[in-house]
Structures are given as C-alpha cells and as structure tokens.
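Enquirer: Supplied in structure tokens, the structure appears directly below.
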Amino acid sequence: MCPLRVHSWKDIEEYKLQHMWEAITDKFVTDDINDQRDHVLKHMRKLWNNWRGSMHKNIKSKPFRYAIKDVPKGVGKSDWEWLVKEHFFTEKFKDKIKELVQSESSLTIIEVVERCFEPQRKSHVVRFGDGITAKELKSGNSSKAALLEKLNATVKETESRKGHLEGLESKYDELGSKYAQLAKIVFDQLSSPSSSDQ
C-alpha cells in the first residue's frame, strides 16, 4: 500500500496518500476520523521510515549482488530492485551518510540514522520490544525493571537449586546402592547355616 519507489516520504504524491487514508477509513469508522488524518499519516510516515531504515540496515554491509537478491518478505521484487539500485546503493545516498559521519564524527549510529531518515523511537529498548522502556530499566523503582530483575534472580536460583537437587539425587542413588549391598550381606549372614548354628 505504501509506495517504496520514492527517496523520502515527502516524495509520495498526494493521490497515493489519499489512497492510504481511504484504506484506513474503510477499516475504522468514527464520527471524527477525518479530524485525525494528519496525525494518522504522520504516524504512518514514522512506521514507513522505520521499515525502510530496517531494510537498509539488513543489507548495508552486503555487496550489491547479494543485497539485490535478499528481497524482504512482503516486498515486490521490482520494488526491491528499485529501492536497492536507485536509493540504497546510489552514490548520493552513500555520500550523504559519509558526509554526515565525517562532519560530525561524534554522532552515534542512531543519530546518523535519524539524520538520514527520520527520528527513531527511543522510548523502547530494542531487545525488549514494546515491553520495557529505557526509562524503566534505568530507574530502580520501576515495577517492570524490578520484575525483570526478580525474574532473572529467580531463574538463577532455580538453576542453582536444580544443580543441588541433582547432586542430592546422585548421593541418594549411591546410598541406596550401598544400603542394598549392606542388606544383602546381612541377609546372607542371617540365612547362612553357620550363623543359625551359633
């Protein structure tokens, strides 16, 4: 639905934006939906930029011949070829990134991505998805951070107890074996004819 054969969201023609908006209004019916158009399209732009940025991230270290073959799921082959040939692997695109890195060498990778694409969503920790925010991990009084810490401690304790239990089971088996041997010796002695004569 969202076109890929453009260099930026600003290049998407109005009739295509209208088509995307109509797809939204077909799915959701409310009285004030048209009042939300700008807000929804702004959110779609963020999602679109993040999506394109993630596709570039997946191929940026690959040679062209491998990148062109690595078509993401849900993307048409011809759209992908355009995006790789006309956007990701163009000198203009590469020069924009190089120039930015050279002019401001102190920038982090995420800052480079934000300058080249759009601001990224920093509120959520990447590895934890939408579940835990960076703020929650940093602050010690957060319920999610506390729960995560507690969960990790419980997992470690469980593993420790499991190891201890396995050790006890091994000792139990060893004692059971020794008890069986001792019982056999005592039984043999009690049932032997020489012990009954005494």
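The values are calculated or read from the model by the stated rules, or taken from the named source; none is laboratory data. All of these numbers come straight from a predicted model, not from anything done at the bench. Quick reminder, even Gly has a Cβ in these numbers, built from the backbone with ideal geometry, and neighbours come from all protein chains shown. Areas reflect the complete protein model, heavy atoms only, side chains present, ligands, DNA and RNA absent. Shrake-Rupley method; radii C 1.70, N 1.55, O 1.52, S 1.80 Å.
Enquirer: Being farther than 17 Å from residue 9 by Cα and in contact with a helix residue (DSSP H, G or I) (Cβ under 9 Å, 6 or more places away or on another chain) narrows it down to one residue among 88, 64; which is it?
Expert: Exactly one residue qualifies, and that residue is 64.
Enquirer: Applying the selection to segment 1-30, what residues are among the β-branched types (Val, Ile, Thr) and farther than 19 Å from residue 75 by Cα? Steps first, please.
Expert: Initially, segment 1-30 is screened for residues among the β-branched types (Val, Ile, Thr), giving 6, 12, 24-25, 29-30.
Residues satisfying the conditions are 24, 25, 29, 30.
Enquirer: Something else about it: If you go through segment 134-165, how many residues are at pLDDT 80 or above and not β-branched (Val, Ile, Thr)?
Expert: Of the residues in that region, 10 qualify.
Enquirer: Where in segment 1-91 are there helices (runs of 4 or more DSSP H), lying wholly inside it, with at least 3 residues that are surrounded by fewer than 10 Cβ atoms within 10 Å (Cβ to Cβ) and modelled with pLDDT of 85 or more?
Expert: Where helices (runs of 4 or more DSSP H) fall fully within segment 1-91 and carry at least 3 residues being surrounded by fewer than 10 Cβ atoms within 10 Å (Cβ to Cβ) and modelled with pLDDT of 85 or more, they are 14-27.
Enquirer: Within the set of pairs 6 or more residues apart or between chains, which connect a residue that is touching a residue at least 24 places away in the same chain (Cβ under 8 Å) and under 15 Å from residue 56 (Cβ atoms) inside segment 2-18 to a residue that is open to solvent by 60 Å² or more (accessible area, probe 1.4 Å) and of a type in the set (Lys, Arg) with Cβ atoms less than 7 Å apart?
Expert: That search, which allows pairs on different chains as well, returns 9/45.
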